[in-house]
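Colleague: I'd like to ask some things about the structure below.
The values are calculated or read from the model by the stated rules, or taken from the named source; none is laboratory data. From a predicted model like this one, the values you see are computed outputs, not experimental measurements. Here the Cβ positions follow ideal geometry from the backbone for every residue, glycine too, while neighbour counts run over all protein chains shown.
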Amino acid sequence: MKDTILTKLTSKFGEGSFVSSEFRNELTIVVPPDRINDVCRFLKEEPDLSFDFLADLCGIDMNTPEKRFGVIYNLFSLKNKYRIRLKVFVEEENPVVPTVTTVWGTANWHERETYDMFGIVFDGHPDLRRVYMPDNYEHHPLRKDFPLMGIPGSIPLPKK
Amino acid sequence: MATRTDDISRKSRILQALEDQHTSIAFDDPLENDLVLNMGPQHPATHGVLRLLIRLDGETVIGCVPEIGYLHRGYEKLAENCSYHEFIPHTDRLDYISPLSNNTAYVLAVEKLLGIDAPERAQYIRVLISELARISSHLMFLGSLAMDVGALTVWMYAFREREKLYDIFERLAGARFTTSYTRIGGLAQDMTPEVDAMVRKFIEEFPSKLRECEKLLQTNRIFLGRTDGIGAITKEQAIDLALTGPGLRACNVDFDLRKAVPYLVYDRLDFEVPVFEGGDSLARYYVRMEEMRQSTKIVRQVLDTMPSGDIHAFKPKKVLPRKERIYTKMEELIHDFMLINSGINPPVGEVYFSVEAPKGELGFYFYSDGTGQPWRMKIRSPSFVNLQSLTPMVVGSMVSDVVAIIGSLDPVMGEADK
């Protein structure tokens, strides 16, 4: 299954577009941000692969000067009972990733959560509001530079 | 995004989201006005702090925007600052209706990251506790759904059975509610013959008690009228929204991680995955009732085939030693000191592991940088994802059915808000 996925992806998108790795029998493919939507749609619609189920989508802060933020897509194929993981990395300045809500509807809240927690903006998202923190909150709590104890005074207390 | 909405208050943004879903609100004729109803976050029937903004045309729901985050405790941030062992008690507080399956899911994910396996006996006990947790969670569902549609007796019956399960958990783990029973590479303590007898007694009596509840509900015209055909979702919508657990199986999708990607010893056990058609509240109810029966069957097999032996993997640098040996043996004392102070230090890498929790697919994603604390941990909580399906379920139904649909979806906000 792993070879099928990689062969199909390279034949569709060309050599050298992807970096793949494997750990504990889980295939991870790093995709350039501008192609993520096409790759996801291809993986979902190709009959042999049919990754029709987006199990999870989350962000990650690598805390590196280059390519600081990442978005991780955990896909599952109900037909083949197989999991793969896609990853996209973006720069700290202007972290924008195209949305995959057009491919899987479930990405909606996951992308809202990633925007809330990391400040990664999903281009084309229909309703990119914060999901956990208050809407007028200034910070993104899961970034590595956000302290564990929080920032005192960042959430105003209700008026008496 | 930031420029558009910096000055708009939170309240108006939620309303804006509600309005964006459909056409604009008309105010010309008073009788044709849409009404915006705010339900929750403090509402007894929303099963915790779930807030719904509902747009009504008369009594019909024409728009619904769920708003969550009132119980957000930042567990993912906390996990990045705890060792892997320290996070186990926090998993109790995710889906607090079935803490034992969260404990199991978490340690299985960490074990996958480490590349170790718990001994056979520990795996059997983990199956046993996962299934007992499933029964406990579905009983909660049964009671609350019945109460949401006005049948109070069933709630009492369901809680009577849950009480027996809590007695078992207390004997097994030492706590009724916050069990924290599993450990990386094993369990906190072994199952005693007394617990074995208690579980056998429970599963012997349970099917007849379940039948009692069924008799009260399944021939009840009010219950059927409030659930049959209400809150339906199609198979395609459910897969698109990644609905998992009983909600998906009620849409005639045969997907259960225990069968699809077998973990623990589920591949050796004989059980069926109940699948129903319709995708409505009644189908979700039938799936859960049948799952409780199947869980009883699994528990019986586990008790009969459970091997004896150790419950801790022999990996001294990864698995916490037993307390009595820490006090008497030098090696164990050193290992305990190192494990508590520097942690288990898994190799650099990333894993995603998920189990079939009572509510659906509960997954943990770990990104390890080789230190004692995870660099990133993501909880894929079933309630968070399942709540997205609430909007297509309630749109088109009556306002009084919203409560019953939430009950049939069975979200737990501790898990949805993390």
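Matching residues to (1) modelled with pLDDT of 85 or more; (2) within 17 Å of the chain's Cα centre (by Cα); (3) buried (at least 16 other Cβ atoms within 10 Å of the Cβ):
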residue	(1), (2), (3)
A:Leu27	yes, yes, yes
A:Asp48	no, no, no
A:Ile60	yes, yes, yes
A:Lys67	yes, yes, no
A:Ser77	yes, no, yes
A:Asn94	yes, yes, no
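Residues checked against (1) more than 8 Å from every other protein chain (Cβ to nearest Cβ); (2) closer than 22 Å to B:Pro66 by Cα; (3) out of contact with any strand residue (DSSP E or B) (no Cβ under 7 Å at 6 or more places or on another chain):
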{"position": "A:Tyr82", "(1), (2), (3)": "yes, no, yes"}
{"position": "A:Leu86", "(1), (2), (3)": "yes, no, no"}
{"position": "A:Pro95", "(1), (2), (3)": "yes, no, no"}
{"position": "A:Met117", "(1), (2), (3)": "no, yes, no"}
{"position": "A:Pro156", "(1), (2), (3)": "yes, no, yes"}
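Conditions tested, residue by residue: (1) within 20 Å of the chain's Cα centre (by Cα); (2) over 22 Å from A:Trp104 (Cβ atoms); (3) crowded, with 16+ Cβ neighbours inside 10 Å.
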residue	(1), (2), (3)
B:Gly245	yes, no, yes
B:Val273	yes, yes, yes
B:Glu277	no, yes, no
B:Val287	yes, yes, yes
B:Gln294	yes, yes, yes
B:Val299	yes, yes, yes
B:Leu303	no, yes, yes
B:Leu320	no, yes, yes
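Colleague: Taking helices (runs of 4 or more DSSP H) that do not extend beyond the range B:302-387, which have at least 1 residues that are within 14 Å of chain A (Cβ to nearest Cβ)? Explain how you work it out, then say what you get.
Modeller: Working: elements: B:323-326, B:330-342, B:382-386.
By residue number, B:382-386.
Colleague: If I filter the range B:216-231 for residues that are among the acidic types (Asp, Glu), at pLDDT 90 or above and more than 29 Å from A:Trp104 (Cβ to Cβ), do I get at least one hit? First the steps, then the outcome.
Modeller: First pass over the range B:216-231, keeping only residues among the acidic types (Asp, Glu): B:228.
Subset that is at pLDDT 90 or above: none.
No, the range B:216-231 contains no residue that is among the acidic types (Asp, Glu), at pLDDT 90 or above and more than 29 Å from A:Trp104 (Cβ to Cβ).
Colleague: Evaluate the range B:39-49: report whether one residue or more is modelled with pLDDT of 85 or more and touching an Asp or Glu at 6+ places or on another chain (Cβ under 9 Å).
Modeller: yes
Colleague: Taking the range B:250-283, which residues are closer than 13 Å to B:Glu356 by Cβ, within 12 Å of another protein chain (Cβ to nearest Cβ) and out of contact with any strand residue (DSSP E or B) (no Cβ under 6 Å at 6 or more places or on another chain)?
Modeller: B:Asp254, B:Phe255, B:Lys259, B:Ala260, B:Val261, B:Pro262
Colleague: Quick check, is B:Gly360 in contact (Cβ under 8 Å) with a residue 24 or more places away in the chain, buried (at least 19 other Cβ atoms within 10 Å of the Cβ) and either in contact with a helix residue (DSSP H, G or I) (Cβ under 8 Å, 6 or more places away or on another chain) or assigned by TED's automatic domain parsing to the domain that holds B:Pro193 (or both)? First the steps, then the outcome.
Modeller: Numbers: in contact (Cβ under 8 Å) with a residue 24 or more places away in the chain: yes; buried (at least 19 other Cβ atoms within 10 Å of the Cβ): yes; either in contact with a helix residue (DSSP H, G or I) (Cβ under 8 Å, 6 or more places away or on another chain) or assigned by TED's automatic domain parsing to the domain that holds B:Pro193 (or both): yes.
Against the criterion (in contact (Cβ under 8 Å) with a residue 24 or more places away in the chain, buried (at least 19 other Cβ atoms within 10 Å of the Cβ) and either in contact with a helix residue (DSSP H, G or I) (Cβ under 8 Å, 6 or more places away or on another chain) or assigned by TED's automatic domain parsing to the domain that holds B:Pro193 (or both)), B:Gly360 qualifies.
Colleague: With under 30 Å from A:Met62 (Cβ atoms), free of Cβ contacts under 8 Å to residues at least 40 places away in the same chain and not acidic (Asp, Glu) as the only criterion, which of B:His43, B:His90, B:His85, B:His72 stands out? Spell out the reasoning first.
Modeller: Numbers: B:His43 fails: under 30 Å from A:Met62 (Cβ atoms); B:His85 fails: free of Cβ contacts under 8 Å to residues at least 40 places away in the same chain; B:His72 fails: free of Cβ contacts under 8 Å to residues at least 40 places away in the same chain.
Among B:His43, B:His90, B:His85, B:His72, only B:His90 is under 30 Å from A:Met62 (Cβ atoms), free of Cβ contacts under 8 Å to residues at least 40 places away in the same chain and not acidic (Asp, Glu).
Colleague: Filter the range A:97-107 down to the residues that are touching a Leu at 6+ places or on another chain (Cβ under 9 Å) and surrounded by 22 or more Cβ atoms within 10 Å (Cβ to Cβ), then identify the one that is farthest from the other protein chains (Cβ to nearest Cβ).
Modeller: Kept after step one, since they are touching a Leu at 6+ places or on another chain (Cβ under 9 Å), are these residues of the range A:97-107: A:99-100, A:103-107.
From what's left, surrounded by 22 or more Cβ atoms within 10 Å (Cβ to Cβ): A:100, A:103-104, A:106-107.
Details: A:Val100: 12, A:Val103: 9, A:Trp104: 6, A:Thr106: 4, A:Ala107: 9 Å.
Among those that are touching a Leu at 6+ places or on another chain (Cβ under 9 Å) and surrounded by 22 or more Cβ atoms within 10 Å (Cβ to Cβ), it is A:Val100.
Colleague: Among all residue pairs at least 6 apart or on different chains, which show Cβ distances below 8 Å where the first residue, located in the range B:211-222, is in contact (Cβ under 8 Å) with a residue 60 or more places away in the chain and the second is assigned to a helix (DSSP H, G or I) and of a type in the set (S, T, N, Q)?
Modeller: Sorted first by the residue in the range B:211-222, then by its partner, the pairs are B:Leu216/B:Thr153.
Colleague: Mind listing whichever residues of the range B:88-102 are within 14 Å of B:Arg176 (Cβ to Cβ) and touching a strand residue (DSSP E or B) at 6+ places or on another chain (Cβ under 7 Å)? Write out each step before concluding.
Modeller: Within the range B:88-102, the first condition is being within 14 Å of B:Arg176 (Cβ to Cβ), and the residues that meet it are B:92, B:96-100.
Selection gives B:Ser98 alone.
Colleague: Taking the condition of being part of a loop (DSSP other than H, G, I, E, B) and either without any contact (Cβ under 8 Å) to a residue 24 or more places away in the chain or within 13 Å of chain A (Cβ to nearest Cβ) (or both), how many residues in the range B:93-118 meet it? Before you say what the answer is, go through the steps one by one.
Modeller: Within the range B:93-118, the first condition is being part of a loop (DSSP other than H, G, I, E, B), and the residues that meet it are B:93-98, B:115-118.
Applying the additional criterion that residues be either without any contact (Cβ under 8 Å) to a residue 24 or more places away in the chain or within 13 Å of chain A (Cβ to nearest Cβ) (or both) yields B:115-117.
Count: 3.
Colleague: Any residue in the range B:279-289 that is in a loop (DSSP other than H, G, I, E, B) and either free of Cβ contacts under 8 Å to residues at least 40 places away in the same chain or in the same structural domain as B:Ala188 (by TED's automatic domain parsing) (or both)? Give the steps one after another, and end with the answer.
Modeller: Applying the first criterion (in a loop (DSSP other than H, G, I, E, B)) to the range B:279-289 yields B:279-280.
Those still in the list that are either free of Cβ contacts under 8 Å to residues at least 40 places away in the same chain or in the same structural domain as B:Ala188 (by TED's automatic domain parsing) (or both) too: B:279-280.
Within the range B:279-289, one or more residues are in a loop (DSSP other than H, G, I, E, B) and either free of Cβ contacts under 8 Å to residues at least 40 places away in the same chain or in the same structural domain as B:Ala188 (by TED's automatic domain parsing) (or both).
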